[in-house]
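*Asks:* Please read through the structure below; I'll follow up with questions.
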Amino acid sequence: MSGERFDAVVVGAGPAGAAAAYTMASQGLSVVMLERGEFPGAKNMFGGVLYRHALEALIGEAWKESGLPVERVVTEQRYWLLGPESVVSIGHRHARFMDPPNAWTAFRARFDPWLAGKAKAAGALPVYQTTAIDLLRDPATGRVTGVLVDRDEGELYADVVVIADGVNSLLREKLGIPRWKPHQVSLAVKEVLALPREKIEDRFNLEGNEGVTIEFLGATSRGLTGLGFLYTNKETLSLGIGVMVDDLLRRPIAPYELLESVKQHPMLHKLLHGAETVEYSAHMIPEGAWHAVPQLAGDGWVLCGDAAGLVNFVNREGSNLAMLSGQMAGEVIVEARRAGDLSAQRLMAYDRRVRRSVIGQDLRKIRRLPAMLHRWGGERLFDHLVGAINEAAYRYFLVDGTPKRQAEAEALRHVVRAAGGWRGTMRLAWDALRGVRG
Ligand SMILES: Cc1cc2nc3c(=O)[nH]c(=O)nc-3n(C[C@H](O)[C@H](O)[C@H](O)COP(=O)(O)OP(=O)(O)OC[C@H]3O[C@@H](n4cnc5c(N)ncnc54)[C@H](O)[C@@H]3O)c2cc1C
């Protein structure tokens, strides 16, 4: 392998890396795609919602071929605010989400090899079980000229290195970009639970290929800032919860304990009982949004996907932003190559493209949210406030002879008290609005 030269070396065969490799290889560039896992997706996990849009932008209608490894089409999305033994819920179901599918539930161990296969079929050279351990640089200019891999004489040279090695990116550190701070990442734990298909369809009110997602917050995160999810697959359920790492450092709770208490919540238990755990995994998610996105290109390199912090955690969009950014990186490199100019300035077109695109717009929109959540704290927001909303709902719906005006005032008092009085309520409402509206 020593001394081999390519137009591009892609590090990581997740959605970002595979998308970049596919884009460049389809345009005739020589591309090697490195993956440290035994196969793409072997070391990956996610909640499991995959959106069609980014996939279609990348490979066109080829997703329609029969082999697309997905589970169910998401036709209903529910949001749950959980009190200790209650729920306030909102949701939306629409048959139009079915055809064409807006999103599917999926498993990375099946999807990643499929997408990497597309890159391979387009001409990229996949090299698995190989870890990039350092960047090679031109000693005179400092330009990145390739990567060093964990094989004998493992030097790979390229005009551009596409760094798509995920949230724990080693190569991003080698560029001198600081590691994530604890308030910029969450730790997510997930279980896959087996349940017969008929039970899933019965409990979630599904027919055929339909699927449901439930995002929940409140009592289940035990006062930490966090969000849980429960997604339906064909014959399994994906259950998980992610909590901010800075919160976990302040109030250490073992991740598996957190997941255990999620499973015991009466509202979730109803849907889960009798299901058997078949898989357990944990992974980080970069959640710093816009302010945590570093420079995305430089002399001989570009940064994509989770390695760049391109995750919209509000809308659980990580994989599709990874694919979109990988594709944009690939396109910019192809254009730069055609123009015969692979300078840092030229590659910075990728940085500008990402920031102007839907990725940049969405991350900018939620840029204030991480600080807002930090300021108000998990205990107040997720424990007290969500608990109070449940109490308010209980009071509102209880018919016990209390006049409605009085019952409504009591319900409102629960929420206002939890938000710190009227002034606190106004401030929280304003902060929350700015947090989600940008
Ligand atoms: C619990 C959880 C739930 C999630 N739910 C969703 C969801 O429902 N929908 C959604 O869109 N997103 C979701 N995400 C986010 C999503 O998983 C990521 O945003 C996405 O995987 C990022 O893709 P990527 O290609 O940038 O990185 P990754 O998928 O992490 O891929 C990086 C690849 O690089 C490889 N690698 C790492 N280092 C090296 C190295 N030095 N050399 C060679 N190879 C290397 C890794 O093995 C890996 O295959 C979730 C994440 C988690 C943890």
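The values are calculated or read from the model by the stated rules, or taken from the named source; none is laboratory data. Here the structure is a predicted model, which is why all the values come from computation and not from measurement. In this analysis, Cβ positions are derived from the backbone assuming ideal geometry, glycine residues included, and neighbour counts consider all displayed protein chains. Side chains included, ligands, DNA and RNA excluded: accessible areas come from the protein's heavy atoms. Shrake-Rupley method; radii C 1.70, N 1.55, O 1.52, S 1.80 Å.
*Asks:* Just give me the residues in region 207-222 being outside any strand (DSSP E or B) and open to solvent by 10 Å² or more (accessible area, probe 1.4 Å), in sequence order. So that I can check it myself, show each step before the final result.
*Replies:* Going through region 207-222, the residues outside any strand (DSSP E or B) turn out to be 207-209, 219-222.
Of everything in region 207-222, those that are outside any strand (DSSP E or B) and open to solvent by 10 Å² or more (accessible area, probe 1.4 Å) turn out to be E207, G208, N209, A219, R222.
*Asks:* Turning to a different aspect of this structure: Within region 112-123, is even one residue within 11 Å of the ligand (Cβ to nearest atom), small (G, A, S) and open to solvent by less than 30 Å² (accessible area, probe 1.4 Å)?
*Replies:* Going residue by residue through region 112-123, those that are within 11 Å of the ligand (Cβ to nearest atom) are 112-113, 115-116.
Pick out the ones that are also small (G, A, S) and you get 116.
Next, only the ones that are open to solvent by less than 30 Å² (accessible area, probe 1.4 Å) stay: 116.
Yes, that holds for at least one residue.
*Asks:* Can you tell me which residues in region 361-392 are under 14 Å from V314 (Cα atoms), open to solvent by less than 50 Å² (accessible area, probe 1.4 Å) and in a helix (DSSP H, G or I)?
*Replies:* D362, L363, L369, P370, M372, L373
*Asks:* Evaluate the following for G37: is it touching a residue at least 60 places away in the same chain (Cβ under 8 Å) and not in a helix (DSSP H, G or I)?
*Replies:* yes
*Asks:* Any chance you could count how many residues in region 1-24 are more than 10 Å from the ligand (Cβ to nearest atom) and open to solvent by 10 Å² or more (accessible area, probe 1.4 Å)?
*Replies:* Residues meeting the conditions: 9.
*Asks:* While we're looking at this one, here's another question. What number of residues within region 74-111 satisfy the criterion of being of a type in the set (D, E) and open to solvent by less than 30 Å² (accessible area, probe 1.4 Å)? Outline the logic, then answer.
*Replies:* Filtering region 74-111 down to residues of a type in the set (D, E) leaves 76, 85, 99.
Applying the additional criterion that residues be open to solvent by less than 30 Å² (accessible area, probe 1.4 Å) yields 76.
Of the residues in region 74-111, 1 are of a type in the set (D, E) and open to solvent by less than 30 Å² (accessible area, probe 1.4 Å).
*Asks:* A further question follows. For the subset of region 76-111 comprising residues that are in a loop (DSSP other than H, G, I, E, B) and small (G, A, S), which member is nearest to the chain's Cα centre (by Cα)?
*Replies:* As a first pass, look at region 76-111 and keep what is in a loop (DSSP other than H, G, I, E, B): 83-86, 94, 98-102, 106-107.
When the remaining residues are screened for being small (G, A, S), the result is 83, 86, 106.
Working: G83: 26, S86: 28, A106: 13 Å.
Out of the qualifying residues, it is A106.
*Asks:* Now for a different question. Identify all residues within region 39-55 that are out of contact with any Pro (no Cβ under 7 Å at 6 or more places or on another chain), at pLDDT 95 or above and within 7 Å of the ligand (Cβ to nearest atom); write none if there are none. So that I can check it myself, show each step before the final result.
*Replies:* Here is the first cut: in region 39-55, the ones out of contact with any Pro (no Cβ under 7 Å at 6 or more places or on another chain) are 42-51, 53-55.
Checking which are at pLDDT 95 or above leaves us with 49-51, 53-55.
V49, L50, Y51, listed by residue number.
*Asks:* Can you go through E317, E276 and tell me which one is charged (D, E, K, R), buried (at least 21 other Cβ atoms within 10 Å of the Cβ) and more than 18 Å from I163 (Cβ to Cβ)?
*Replies:* Values: E276 fails: buried (at least 21 other Cβ atoms within 10 Å of the Cβ).
So the residue among E317, E276 that is charged (D, E, K, R), buried (at least 21 other Cβ atoms within 10 Å of the Cβ) and more than 18 Å from I163 (Cβ to Cβ) is E317.
*Asks:* Please find, among I333, I389, the residue that is under 34 Å from the mean Cα position of the chain (by Cα) and more than 30 Å from G228 (Cβ to Cβ). Full working, then the answer.
*Replies:* Details: I389 fails: more than 30 Å from G228 (Cβ to Cβ).
Matching residue, one of I333, I389: I333.
*Asks:* Of the numbered conditions (1) within 30 Å of L148 (Cα to Cα); (2) open to solvent by 30 Å² or more (accessible area, probe 1.4 Å); (3) in contact with a Phe, Trp or Tyr (Cβ under 7 Å, 6 or more places away or on another chain), R36 satisfies every one except a single condition; which is it?
*Replies:* Unmet for R36, out of (1) within 30 Å of L148 (Cα to Cα); (2) open to solvent by 30 Å² or more (accessible area, probe 1.4 Å); (3) in contact with a Phe, Trp or Tyr (Cβ under 7 Å, 6 or more places away or on another chain): (3).
*Asks:* Another question, then. Mind checking which residues of region 162-205 are without any contact (Cβ under 8 Å) to a residue 40 or more places away in the chain, more than 8 Å from the ligand (Cβ to nearest atom) and aliphatic (A, V, I, L, M)?
*Replies:* I200
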